[in-house]
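Some notes on the structure that comes next.
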Amino acid sequence: MKVASRSNLLLWMTVGTLAISTSPILIRVAAMPALALAFWRCLAGSVVPAPFAPRGRVAGLDRADLARLGAAGLFLAVHFALWNASLGLTTVAAATTLVSCAPLFVGLGSVFLGEAPSGRAWGGIALATAGAVVIGVGDATGFGGGPDAVWGDLLAFCGAVAVAAYLLLGRVARRRLPVSTYAASVYGVAAAALLPACLLTGSSLGGYQATAWLALAGVVAGPQLLGHTVFNGLLASVSASVVAVVMLLEP
């Protein structure tokens, strides 16, 4: 996936943003348990790019690179589990906005990668974070989605922390791996982590109506493959903080 030119960057950023923007609606339509939906989207997301991944690339990585791949997959699993669960407790708008607070944490983490955001970027990140706080306060005082909304807001905010870690790890890993290899590996790790969580919590992996499976297929095709995978591809050309800020367009 070549995204080096400015026009290509803008094109892929637009595609990725439009794709992930369908996520909260499709998740609501699917109406599956949070862990089950996260498992299926990660499993399918790992299977699709696997045939396009060059053979032997993962086997040639050192322990540090393998550890980063594993950690990225675990953080992605945590993000999806928290994000999906938040949509059942708070409003779509609140959950989507709060989970988009990732730029705050990505900006802090990018300092350690030698890619600290500019002053203008920090201003935008601060403004976005302030907006998230306003939404949380609104739910806490009864203007949101009900008494459970605050818990949903908290889950969505924690999901933002998890996806920030996932983006930062991806920025490092993508310097060594093609996007097909990285996506197949990380999504596979996430699915492997989510499967025992589904079994332990009794989250059913089957028996759903056709509408739920069609919505799940939409989640895989759109938010997972055209959303997350496209942003993973961008991480080789732009910093994690840029990707995180672009994802703020989702709400």
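Quick look at the values:
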quantity	calculated
Shape of the stretch 72-114, Cα gyration tensor, a/c cut at 1.5	oblate
Kirkwood hydrodynamic radius of the stretch 1-98, Cα pairs, Å	15.9 Å
For the chain, built as a Gaussian network whose Cα springs stay under 10 Å, the top-fluctuating residue of Ser118, Ser237, Ser23	Ser118
Per-selection Kirkwood Rh - the stretch 44-124 (Cα, Å, 1 d.p.)	15.9 Å
Under the Karplus curve 6.51 cos²θ - 1.76 cosθ + 1.60, θ = phi - 60°, whole-Hz ³J(HN,Hα) for the stretch 168-180, x wherever Gly or Pro sits	5, 5, x, 4, 6, 5, 5, 6, 10, 10, x, 4, 5
Translational diffusion coefficient (Stokes-Einstein; Kirkwood radius from C-alpha pairs) of the chain at 37 °C, 0.692 mPa s, in µm²/s	181 µm²/s
Share of alpha-carbon pairs per 10 Å distance bin for the stretch 103-251, given as whole %	10, 30, 34, 22, 4, 0
Surface accessible to a 1.4 Å probe, per residue, for the residues of the chain, Å²	45 Å²
Calculated FRET value between Phe112 and Val133, using beta carbons and R₀ = 25 Å, to 0.05	0.50
Residue-by-residue Karplus 3J(HN,Hα) for the stretch 236-241, coefficients 6.51, -1.76, 1.60, Hz, glycine and proline x	7, 10, 10, 6, 4, 5
Between the stretch 166-214 and the stretch 74-128, the alpha-carbon center distance in angstrom	19 Å
Net charge over other residues, Cβ less than 15 angstrom from the Cβ of Ala164 (K, R count +1; D, E count -1)	0
By average C-beta atoms within 10 angstrom, highest first, the peptides 40-53, 87-100	87-100, 40-53
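The values are calculated or read from the model by the stated rules, or taken from the named source; none is laboratory data. All figures in this text were calculated on a predicted structure; none of them were measured in a lab. Don't worry about glycine lacking a Cβ; one is built from the backbone with ideal geometry, like all the others, and counts go over all protein chains shown. We work out accessible area using only protein heavy atoms, side chains counted, and drop any ligands, DNA or RNA first. Shrake-Rupley method; radii C 1.70, N 1.55, O 1.52, S 1.80 Å.
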